[in-house]
Amino acid sequence: MSELVLQHGCAKGGEPYVPQVCRVIDVRDQTHDVKTIRVQTPEGGLPFERKPGQLAMVSLPPYGECMFAIASQGPDYLEFVIKRVGFVTERLHELRPGDEVGVRGPYGNWFPFDSARGRNLVFVAGGIGMPPVRSFIEYALEHRADYGRIDIVYSASTYDDLVYKDDLFQNWPKEPDTHVHVSVYHATDGDGWSGKVGYTAPYLKEVFAEEGLATDNAAAVLCGGPSLYRTCREALLELGFDPADVVTTLEARMKCGVGKCGRCNVGGVFICLDGPVFTEAELARIPR
Amino acid sequence: MPIAETAHEAQGQANEEFRPKILAFCCNWCTYAGADLAGLNRMNYPADVKVLRVPCSGRVNPQHVLRALQDGCDGVLVCGCHPGDCHYSTGNYYAKRRMMVFKRLLEFEGLPPERFQIRWISGSEAGKFRDTIVQVTDDIKKLGPMAADEPSQAVVAALRAKEGEL
Amino acid sequence: MIISKDNMGALADAIGATQTVYVPGTERAATRFVAHKKGEPVVLGGANVRMPPKDLLFPATEKMYRWKKHEGQLSLETEAAAHEPFTVLGVRPCDMASVAKLDLVFLTKGFVDEFYQARRDAATFVAVTCVDPDGDCFCEAMGVRLDAAPAADVLLVDRGGAYEAKPQTEKGEAAVAAWAEALGAGADAAAGDAVEAHCTLNPAAAKAEERLRAEDFDNVWHSVADYCLTCGTCTFECPTCYCFDISQDVRADEGARFRCWDSCMFTQYTLMAGNHNPRADRASRVRQRFMHKLRYFADRYGEGLCVGCGRCIRDCPAGVDIAAIIDAVATAPEHELTEAARTVQADEAKKEAAHV
Amino acid sequence: MNDATQIVRERATALLADGTVAAVVGWAAGRGDHDRHVFVARTPEEAALLVADQYCGALAAKRVLSLLDEGKIALVARGCESRAVNRFMADRQLKRDQVHVIGWPCPGMLDPATGDALKRCTECQRRNPVLSDEVVGDPVPEPELDRFAELERFEQKTPEERRAFFQDMYESCIRCYACRNACPCCTCRVCFVDQERVGWMGEEFTADQARYYGTVRAFHTGDRCIECGECQRVCPQHLPLMLLMHKQVRDIDGLFGPYPGGGMEPEGPDPLRTYHTDDLEEFM
């Protein structure tokens, strides 16, 4: 099994700060506070090519701009999955098809989809941590033969907060050797959830035990909020993953996107330029 | 500075007659009603005043006054119920104290007193509302646009020349 | 070329005939580089200017693009443009070193900052050797020499009553040739030996950087956080602090997006939507500032970010003293290793074992 | 070592040793002979580093607020610090039993660079602590100074001159927010300039934005200001910020007074947070 290889600081050149105008072509509700927004150039094309895991800055004058992981890339559009948490995202939720926004990117590095070929993949995500991870899942399913067994462990606060329900419950389970494990933290009667209730880290261990999963020849991909990240990271290492086989995608407040403005650093590296994708082995060597 | 080319605008205004922009914060219960009554009675007053309805003169944050003056208004008027008549009993008493001190502070920084005025106008005082608007508009027209307040080069140079002044 | 110190005004006038020339002066309540006015005297010695020359390359507020919305259509127009040539006269070696560091930030690592580059290309830097470091200057400890400024186009070497102009780049050659022509042969004056000076303050920076690489100095950051105000004075006056924010000025359906200086000392600097803040407490922000200056930047670009100009010490309202902190780190009794350092050590041990 | 330093160290050591307080807020020496900075002593060993002499220019009081989680805090308090404690209590930032006040009748501070009296001490009206749990040394005579002298001189200027002066002042402001961070009245959880939402304040460094910040902050603290002058002391551009504060304090005294200044009493409404029905009327 070859080592996972991540490139850092690989995004290069181009106009760093001025976005290109893009048109919103589709807005869909995912949950009560998450929407999917698709954009393309006014000419109907793809704004730029991205690799799974890369970021883009969506700019909505007059309110501001925010960095998002690009959830998906269609033939002629980019897709963002955006949760309403702050000032700009609230306004982004008011977008309708035909509205114009600015988009700049792609920024950052990508998931190690090349060097992970031949391995089993375990995706661990929580809440709005799914969209970045999904870009890799999508890629893996498109190149299904290149990868081994795929396990997706996904949790959200409630059933309603799960994003990509179509994929979780209909599309992905139909894919060959692809197993979806979903839990929610809180369930109430009549909310439509009859599955597992529990936090992600213990659930992850449970899934490993029940399914008899092994960590050799596997790679884990992790994304979620600070507490989920901490607990699941520990769980994965306890399960026997080598830190070099655990890949995570980080998030911070970002402004420039090109490693200049200074705020998204982890030690000496910038998440926007060198990240957002790191292996645990790399992160362990960086001071927090 | 506003994005609009202020210099250009100011020049245009100099050529024509100067039309000031005046913002009037009017309390919903008294002054706004007074303005309404002035309208019903078909009283004439300058259209240079833009009325902004607020629940109470106590709602007017002094920040709003300063921001308005910085962002293109040539004058600001704050109006409320007569003391004792506040719909919320006490709002205008607080506003009064606050505005008394804030007005003095702005004037201390050099703002001409006419640019920021406060008046109590009740719901039945349509005439007073009209007279106030006429008088405030008149005052501001005499002063000219905010840009006219800029200190002359001579004053600035004299001030800079006095070492240790700042 | 030798130029008498009395002739600095004439030199500035000569350069000023074709382009803006910035000289040390006083403006807006502080000494800084101000546009030279013809006929005014120019003095290059004495105390260094309080505000560094970084705003000539990286202004406190800089428009990046304008946007307009018309019937739902968005249009953008970049503000990036070539800059008029200008000269900065009398930059100290410490500040010149800071320009080299800003170059690393804005011109390397994948993306080139076009706004910075436009100004940088337009700039001619004339540095002057430093002969009067004060009690808070410690540039020598940070690897800066008082008698050299490799990043400058021209170096003026202080030789008592006169400066010797040494061109160091092509731009500098052209500039000095033009000066010689403008000032004529009369510019030559009796010159003594190059004046030598040294800093009296010499914190153990190399030792501190080495120890910051391995040990956990949380107690130091906490004790500094006990008196640091976390205001932005140090970062705004620092010649190398380059962090910026991107914000906007909105007028109805049009506006401009600009970048402006920001400070890692401020709470909202890292505040994320949803109110998570990775550096919410004062100590973590203090740590970030000093770690960035003394270690992170070195990790990334191969050299530290502090040039030892002493501005943050002189003007800190709370008495935070980076030189004292460097020494405190360098001389502290052994601290626990950081988790990262332990990992690195373990990895290396593993590698060695595999090798054997 | 002077007497005050000696006694402060002894008292701090005792208070820390017997567990009365978790920390003592005072000052310690820096690298230079006269460099002093605020210092938090948490152990008897650290207490030996405390200094109380004529170079302790900084206002130490605000540091107490960030330490309340650690337990009861002792504060070495001069007139200005003790007024700040009153200010905190009136602003519901602090309860009286959370702080142990070691009163220190102030000898008046000196500027470490020049050796002159510190500006903020030349405008002081209260050198003895207004409240304390114990006092270090004997009371000092209160100064008989006209703290409004500079203001009155300034008011002689024409409005145009004042306009030019403040334009210069706001152009010089670098918006480092040192004045806000040092001010004992500035205890808002989120300052209006830190609002994330667009429209509160522009981030561009212009005189307009600086004026907006400076004027609004001055007004927001105007009726609570304890006139410690710390804002002016910490300003890296040495801007005369106290002019704005003195102006308001004197106006309030004249209009709604008598008003001795903020922080003199532990309780009682601030002048702009109360009213009288018979207040002066000038907007009729």
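Take every residue in peptide A:53-60, count the Cβ atoms of other chains within 10 Å of its Cβ, and give the average of those counts.
Mean inter-chain Cβ contacts per residue within 10 Å come to 1.
Among B:76-82, C:39-45, C:60-66, D:167-173, how do they line up from the highest to the lowest mean number of other beta-carbon atoms within 10 Å?
Highest mean packing first, the order is B:76-82, D:167-173, C:60-66, C:39-45.
Add +1 for every Lys or Arg and -1 for every Asp or Glu among the other residues with Cβ under 12 Å from the Cβ of C:K5, and state the total.
Surrounding charge for C:K5 is -2.
Taking only Cα atoms and a 10 Å spring cutoff, compute GNM fluctuations for chain C and point out the largest among C:T124, C:T230, C:T343.
Ranking C:T124, C:T230, C:T343 by mean-square fluctuation puts C:T343 first.
Report the FRET efficiency, 1/(1 + (r/R0)^6), for C:N202 and D:E265, where r is their Cβ-Cβ distance and R0 is 41 Å, rounded to 0.05.
0.20
Residues of D:176-185, mean number of Cβ from any other protein chain within 10 Å of their own Cβ, rounded to a whole number?
Average per residue, whole number: 5.
Just report the Cα centroid separation between the stretch D:51-75 and the stretch D:88-106, whole Å.
Measuring centre to centre over Cα atoms gives 10 Å.
For C:T338, which sequence-distant residues (separation of 5 or more, or a different chain) have an amide H within less than 5 Å of its own amide H, given hydrogens modelled in the peptide plane?
Under 5 Å from the amide H of C:T338 lie the amide H atoms of C:E215, C:D216, each far enough along the sequence or on another chain.
Mind checking which of D:L272, D:L16, D:A52 is farthest towards the positive end of chain D's charge dipole, using Cβ charges of +1 (Lys, Arg) and -1 (Asp, Glu) about the Cα centre?
The residue sitting farthest along the positive end of the dipole is D:L16.
When only C-alpha pairs under 8 Å and at least 6 residues apart count, what is the relative contact order of chain C, in percent?
With pairs under 8 Å counted, the relative contact order is 19 percent.
In the structure displayed, which of A:K83/A:K260; A:K260/C:K63; D:K72/D:K95; A:K12/C:K69 lie more than 20 Å apart, Cα to Cα?
In this structure, A:K83/A:K260; A:K12/C:K69 lie more than 20 Å apart at Cα.
Can you tell me how chain C classifies by the Cα gyration tensor, rounded, prolate or oblate, using a/c under 1.5 as the rounded cut?
oblate
Suppose R0 equals 45 Å. What FRET efficiency, 1/(1 + (r/R0)^6) with r the Cβ-Cβ distance, do C:A174 and A:K12 give to the nearest 0.05?
The calculated FRET efficiency here is 0.90.
Mind sorting D:D18, D:D3, A:D242 by how few other Cβ atoms lie within 10 Å of their own Cβ, fewest first?
Placing the least packed residue first, the sequence is D:D18, D:D3, A:D242.
Where a ≥ b ≥ c are the square roots of the eigenvalues of the C-alpha gyration tensor, would you call the protein assembly as shown rounded, which needs a/c under 1.5, or, failing that, prolate if a/b is larger than b/c, or oblate?
rounded
Grab the beta carbon distance between A:D76 and D:A14, set R0 = 60 Å, and tell me the FRET efficiency rounded to 0.05.
For R0 = 60 Å, the calculated efficiency reads 0.20.
What is the mean number of Cβ atoms from other protein chains located within 10 Å of the Cβ atom of each residue in peptide C:236-246, rounded to a whole number?
For peptide C:236-246, the averaged partner shielding equals 4.
Along Cα→Cβ, 7 Å out, is where each label goes; now give me the distance between the ones at D:Q156 and A:E210 in nm to one decimal.
8.7
Could you compute the net charge surrounding C:L271? Neighbours are other residues with a C-beta less than 11 Å from the C-beta of C:L271; K and R count +1, D and E count -1.
Cβ neighbours under 11 Å give a net charge of +1.
Using θ = phi - 60° and the Karplus relation 6.51 cos²θ - 1.76 cosθ + 1.60, list the HN-Hα couplings for the stretch C:105-121 in order, rounded to whole Hz, with x at every Gly or Pro.
5, 8, 10, 10, 6, x, 10, 9, 7, 5, 5, 5, 4, 4, 6, 5, 5
What shape does the stretch A:20-107 take by its C-alpha gyration tensor, where a ≥ b ≥ c are the square roots of the eigenvalues and a/c under 1.5 counts as rounded, a/b above b/c as prolate, and the rest as oblate?
Rounded shape, in that the Cα axes give a/c under 1.5.
For chain C, set up a GNM with springs between Cα atoms under 10 Å and report which of C:D134, C:D327, C:D253 has the largest fluctuation.
Maximum among the listed residues: C:D253.
For the stretch D:128-284, build the charge dipole from Cβ charges (+1 Lys, Arg; -1 Asp, Glu) around the Cα centre, then report which of D:Q195, D:H246, D:C231 sits farthest towards its positive end.
Result: D:Q195, furthest along the dipole toward the positive end.
Listing C:S75, C:S223 from the residue with the fewest other Cβ atoms within 10 Å to the one with the most, what is the order?
Starting with the residue having the fewest Cβ neighbours, the order is C:S75, C:S223.
Which distance in Å, rounded to a whole number, links the C-alpha centroids of the stretch A:195-211 and the stretch D:221-239?
Going from one Cα centre to the other spans 58 Å.
Using a basic spin-label model with each label point 7 Å from the Cα along Cα→Cβ, how many nm lie between A:Q20 and D:C188?
Result for the modelled spin labels: 4.2 nm.
Quick one: among A:V269, A:V153, A:V85, which has the greatest mean-square fluctuation in a GNM of chain A with alpha-carbon springs under 10 angstrom?
Top of the fluctuation ranking is A:V85.
Putting +1 on Lys and Arg Cβ atoms and -1 on Asp and Glu Cβ atoms, find which of B:Y94, B:G39, B:A68 reaches farthest to the positive end of the dipole of the stretch B:18-154.
About the Cα centre, the residue reaching furthest to the positive side is B:Y94.
Note down, for the stretch D:3-135, the three equivalent ellipsoid semi-axes (square root of 5 times each alpha carbon gyration tensor eigenvalue), biggest first, whole angstrom.
Output for the stretch D:3-135: semi-axes of 22, 18, 12 Å.
Among the DSSP beta bridges whose two residues both lie in chain D, what percent are antiparallel, rounded to the nearest 5?
45
Any cysteines in chain A with zero other Cys Cβ atoms under 4.7 Å from their Cβ? List them, or say none.
A:C10, A:C22, A:C66, A:C223, A:C232, A:C264, A:C272
Counting other beta carbons within 10 Å of each Cβ, put D:T114, A:T248, B:T90 in order, fewest first.
In increasing order of surrounding Cβ atoms, one gets D:T114, B:T90, A:T248.
In the stretch D:85-148, what trypsin sites (Lys or Arg not before Pro) fall in a loop by DSSP, with at most 10 other Cβ atoms inside 10 Å?
D:R92, D:K95
Measuring from label point to label point, each 7 Å out along Cα→Cβ, what is the D:T43 to A:H32 span in nm?
5.2
Throughout, read-outs are computed from the coordinates displayed, never taken from laboratory work. Please read all numbers here as calculations on a predicted model, not as lab measurements. Cβ: placed from backbone, ideal geometry, glycine included. Neighbour counts: every protein chain shown.
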